[in-house]
Amino acid sequence: MKEKYDVIVIGAGPAGLSAALSASQNGADVLIVERENEPGGILKQCIHDGFGLHRYGEKLTGPEYAYRDIVHLEETGSDTAYSAFVLDISEQDEGWQVTLSMRSGLHTVWTKALILATGCRERTARQVFIHGDRPSGVYTAGTVQNFINLRGWMPAKRAVILGSGDIGLIMARRLSLEGAEVLGVYEAKNRPGGLMRNIAQCLEDFNIPLYLSKTVTRTIGKHRLEAVEIMDVDDDMEPVSGTAEIIPCDTLILSVGLIPENELAESIGIKLSDQTHGPLVDQNMETMKDGVFAAGNCVSVNDLADYVSENGITAGKAAASYVRQKQKRELIPVKKLNGIGVCVPQYIDKTSEPGNAVLYLRSDDDYRDREIRLESEGKILLTKKMKTIHSAEIIRLEADLSGIGAELEVKLI
Amino acid sequence: MKKMICIICPNGCELEADDEEHVTGNLCPRGRTFALQELKDPRRSVSTTCRTVFPDIPVVPVRTEQEIPKHLMKDTVRAISEIVIDRHMRIGETVAADILNTGVNVVLCTDRLKEVDHD
């Protein structure tokens, strides 16, 4: 490890790996920092396939997908700091000083640009207001995935899964394949949270029932979980009295959402979005602080690792270009109108290649036969017809924004 | 007429297929191929783990190189759980050939066994 770098990337999951790779390929001297003892992030435990369909046109497992970036990054000769925890980042000499805690002690390194690729965390039982006892046997889906796929431990015989996000569905299949009985996947909303293909291949293939508008309201058991209480929920997501049923089980698995992890970003005053809980960014994944970039699930939780990597590639390239030549940005807000719930980026920088911007959208509801439209000062820049739009699925739009005026609107027609 | 969700890509098209090979609802040709295969011989790829003798890496991810008949998924996972890897192996190497006489090999999905310690 050296004392100074052009770019320091924090996090060696899919976003960080591709960001480091792309920054390095674009001429930057890069250090990638990871708190675990090896790269790959959550992909290490995502042993199911389906990764890489967009990026490589192949169906890879998580570890295979990560391997490609890891090998390519090694080939660039970039420095790596694994088992390294970032204690502090502070602004210094028109750059950033990063303090790392490592086995060899404390180290400080300085960098011209930063890329935050810190990923996200799972929501826990307390965050979804499950009351009752606190026995063992209540896990997040990611924890169970880590136990089974990395450690070879089998934590469940009779499991109930709360939440129908993709991780919950994938763990339902994994537990079934490993011989557990999965009693059902319960979803408080009136529609499933995960991709339709995962409902089909993870639940239907294994005859696992999916219960909508029902949630777990209580855990029961002294040492080990013995049962959960399930209740119907109304349109306001409130439990309906008189609907309680007790389901005997030894494990409750929570797949109830992911929260971008931005403690480091907040510590250096990066402005976060109230909606995504991640940094506000422009189309180059540069945050509202010049020279600080962010990519992947710390910006906004994605459904596909391919999009996370794409983010990283964009951020890496832009960080390398920032290091070569700082330019004053001219940021234009992206306005979300009719039906658009989330849009990343939230800003477009007019001064840098608005010719090929990628926008990631999420609708606020499910729709059929609509058109997504990008407009600037009444001029239509792009339209895309969509047969079905699921609010659970990200829509990726590649747009030529070179004709952009003083504002950009994105809407459903 | 059979309804199904296409599992080939994240689009998850809602397909309808009949015995006369009429397929509707697919956004791309892969959907048609999937639907016809699903009608006559549903197949899935299987990803699971198998054990190793290495204490730092007790299990490693493996997958079937091609798809296997859907009804053999659980038996395949059970058969793979009997395997114990006791040597250094590279990503993509065959862990088990012709699993359950399907003609399909099971391959290693990680390169972590390249140079792992025995104790």
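The numbers here are math on the coordinates, done by the rules we state, and not lab data. The structure presented is a predicted model; accordingly, all values stated were derived computationally and were not measured. Note that we place each Cβ from the backbone using ideal geometry, even for glycine, and neighbour counts take in every protein chain shown.
Just a few scattered comments:
- Which of A:184, B:6, A:237, positive extreme of dipole for the protein assembly as shown (C-beta unit charges): A:184
- Cross-link reach list, aspartates and glutamates versus residue A:289, counting only Cα pairs under 20 Å and skipping chain neighbours closer than eight places: A:6, A:88, A:91, A:93, A:94, A:261, A:263, A:266, A:274, A:330, A:349, A:353
- Shielding by other protein chains, B:4-15, mean Cβ within 10 Å: 6
- Theoretical ellipticity at 222 nm over chain A - DSSP helices of four or more residues, -39500 (n - 2.57) apiece, nearest 500: -5000 deg cm²/dmol
- The dipole here belongs to chain A: it is taken about the Cα centre, uses +1 on the Cβ of Lys and Arg and -1 on the Cβ of Asp and Glu, and is about 240 debye.
- Estimated FRET transfer efficiency when R0 is 41 angstrom, pair residue A:411-residue B:86 (beta carbons, to 0.05): 0.10
- Structure note, pairs A:59/A:335; A:326/A:350; A:387/A:411; B:74/B:114; A:112/A:328: Cα-Cα distances above 25 angstrom occur for A:59/A:335; B:74/B:114.
- Extending 7 Å from Cα along the Cβ direction at residue A:92 and again at residue B:115 yields two label points whose distance is 3.3 nm.
- Assuming charge only on the beta carbon of Lys and Arg (+1) and of Asp and Glu (-1), the dipole of the stretch B:47-108 about its Cα centre is about 140 debye to the nearest 20.
- Theoretical FRET efficiency, 1/(1+(r/R0)^6), r = Cβ-Cβ of residue B:93 and residue A:103, R0 25 Å, to 0.05: 0.20
- Calculated P(r) tail over 20 Å for chain B, as whole % of Cα pairs: 53
- Annotation note: trypsin sites (Lys or Arg not before Pro) in the stretch A:341-406 located in DSSP loop regions with a Cβ neighbour count of at most 15 within 10 Å are absent.
- Within chain B: Cβ-based charge dipole about Cα centre, in debye rounded to nearest 20 (Lys, Arg +1; Asp, Glu -1): 140
- Cα-based Kirkwood hydrodynamic radius, the protein assembly as shown, one decimal, Å: 24.5
- Remark on the stretch B:47-108: Rg and Dmax equal 11.2, 34 Å (Cα only).
- Restricting the trypsin sites (Lys or Arg not before Pro) of the stretch A:190-282 to loop positions (DSSP other than H, G, I, E, B) with no more than 11 neighbouring Cβ atoms within 10 Å leaves A:222.
- Between residue A:337 and residue B:19, the modelled label-to-label distance comes to 5.3 nm, taking each label 7 Å out from Cα in the direction of the beta carbon.
- Virtual paramagnetic centre 7 Å along Cα→Cβ of residue A:157, amide N under 17 Å, in the stretch B:63-98: none
- Shielding of B:54-64 by partner chains, average beta-carbon count, 10 Å: 4
- Radius 12 Å from Cβ of residue B:80, net charge of other residues (Lys, Arg +1; Asp, Glu -1): +1
- Per residue of A:41-49, other chain Cβ atoms within 10 Å of the residue Cβ number 3 on average.
- Shown for A:235, A:282: other C-beta atoms within 10 Å of each C-beta, ranked fewest to most, produce the order A:235, A:282.
- Looking at the stretch B:1-92, the trypsin sites (Lys or Arg not before Pro) that sit in a DSSP loop and have at most 14 other Cβ atoms within 10 Å of their own Cβ are B:87, B:90.
- In chain B, helices alone account for a calculated mean residue ellipticity at 222 nm of -5500 deg cm²/dmol, with every DSSP H run of four or more residues adding -39,500 (n - 2.57).
- The Cβ shell under 11 Å around residue A:246 holds other residues with a net charge of -2, Lys and Arg each +1, Asp and Glu each -1.
- Span from the the stretch A:231-271 Cα centroid across to the the stretch A:89-145 one, whole angstrom: 20
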